Amino acid sequence: MKSILYQCRIYSLTLALSTALMACQTQQKSSETDQDSTKALPKPLLTDLYTADPSAHVFEDKIYIYPSHDIETGAKSDEDGGHFGMKDYHILSMDSVGGTVTDHGVALDLKDIPWAGRQLWAPDAAFANGKYYLYFPAKDKQDIFRIGVATSASPSGPFRPEAQPIEGTYSIDPAVFTDDDGQTYLYFGGIWGGQLQRWRSGKYDVKGTEPGKDEAALSPKVGRLTKDLLKLAEPVRDAQILDEAGKPLKVGDHQRRFFEGVWMHKYKGQYYLSYSTGDTHLLAYAVSSSPYGPFTYKGTFMNPVKGWTTHHSIVEFKGKWYLFYHDTELSGKTHLRNVKVREIRHTDEGGLEMIEPYQ
Ligand code: FUB
């Protein structure tokens, strides 16, 4: 009897142990499942190169990405963005979202741009006249940001820069948009380190500041390009962003006002101007029936990512819309960023669906 009791105890113990083991195994499995669901979150497209500010376009049936190439220069972080000391551009491509990403190597080097002094920041690209055009901001030899253009027979470069920056341009973050009628527009601008506040009078003023907090916020600039896409066909004007009541967003409205990183896409006949709010780290958008605006503020579509900067592009590929953006997942450092992509949807009401970057 005693031994039966003993065997029973052993059996119960074994049962308890194996139940515990099973529970433990189940937990491991579900944490694997958790990990699997984390895997569904976008991963950096490249891990052996820091890339940021991705401008994506569909050329020759592939997605081409024109990013900044972040590097460590040892420069101290300052309000002018001196720690973003990029020296060249690499172009990336992929046949499909989720497919292999190809790094095409150096497409343009700072040392080959006759007018440029330092800091190759966020570029963009266009195709026309059988050529590819790369638009890029750089500080000139006087340390003033200008926008330059370079051309190539291939979307991946190498690109040959023009001898001078595009006349009438300044500040940073060019974005080029070709409308259905073939007209191409250049948008650009960025406040603070992007120097837009230094151009308020139309001339460069190193001491230039933003207007007061209750005044109209600075706008990104827009101008139509000439047919050869090498020059502005007209002086640039404000791409104004208004609130629902038709009043310009104010300088103090940091949650909504334009900071940098403008992008243009067209959807169902409407022009979507999207941008970063900078110090509040949001991606926001405004809509108009004209590429010049004025644009009516509609809302935000992505909450802050890891890192101080947020910069994106939106592109349609094979019937779906994609958001290209960056964060600092790989480095944890603001100036060493990595590019990511995820799908973005337009709502039935013509809005952009809100994205939580880590959900
Ligand atoms: O990459 C340098 C600057 O950081 C870009 O020009 C801005 O848009 C911000 O992303």
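Considering only Cα atoms, the convex hull volume of the range 75-146 works out to 140 Å³ per residue. Legend: residue pairs LYS43/LYS306; LYS62/LYS111; LYS221/LYS333; LYS213/LYS247; LYS247/LYS268; LYS87/LYS306, Cα-Cα distance threshold 21 Å; pairs beyond threshold, LYS62/LYS111; LYS221/LYS333; LYS247/LYS268; LYS87/LYS306. For the chain, the equivalent ellipsoid built from the Cα gyration tensor has semi-axes of 45, 23, 21 Å, listed from largest to smallest. Qualifying chymotrypsin sites (Phe, Trp or Tyr not before Pro) in the range 178-283, where qualification requires a DSSP coil assignment and no more than 15 other C-beta atoms within 10 Å, comprise TYR204.
Highest-first packing order for the peptide set 298-309, 168-179, 215-226 is 168-179, 215-226, 298-309, based on the mean count of other beta carbon atoms within 10 Å. As an exercise, use a Förster radius of 41 Å and the Cβ-Cβ distance of LYS266 and ALA153 to find the FRET efficiency, rounded to the nearest 0.05. The value I calculate is 0.90.
Rounded to the nearest 20, the Cβ-based charge dipole of the chain about its Cα centre (Lys and Arg +1, Asp and Glu -1) stands at 480 debye. Need one word for the range 277-318: rounded, prolate or oblate. Basis is the Cα gyration tensor (sqrt eigenvalues a ≥ b ≥ c); a/c below 1.5 gives rounded, then a/b vs b/c decides. Here the range 277-318 falls in the oblate category.
The residues of the chain expose, per residue, 48 Å² of accessible area to a 1.4 Å probe. Note on ALA128 and ARG160: the extension gain reaches 10.0 nm, defined as 0.36 nm multiplied by sequence separation minus the Cα-Cα distance.
At a 1.4 Å probe radius, carbon and sulfur cover how many percent of the accessible area of the range 66-122?
49
A helix-only calculation puts the chain at -4000 deg cm²/dmol for mean residue ellipticity at 222 nm, using -39500 (n - 2.57) for each DSSP H run of at least four residues, averaged over all residues. Summarising the overall dimensions of the range 235-359 from its C-alpha atoms, the Rg and Dmax are 14.4, 43 angstrom. Helix 2-39 and the longest principal axis of the Cα set of the chain meet at an angle near 10°. From largest to smallest, the equivalent ellipsoid semi-axes obtained for the range 133-174 from the alpha-carbon gyration tensor read 20, 10, 8 Å.
The values are calculated or read from the model by the stated rules, or taken from the named source; none is laboratory data. Being a predicted model, the structure only gives us computed values, none of them experimental. Methodologically, a virtual Cβ is constructed for each residue, glycine included, from the backbone with ideal geometry; neighbour enumeration extends over all protein chains shown. All accessible areas refer to the heavy atoms of the entire protein, side chains included, with ligands and DNA or RNA removed. Shrake-Rupley method; radii C 1.70, N 1.55, O 1.52, S 1.80 Å.
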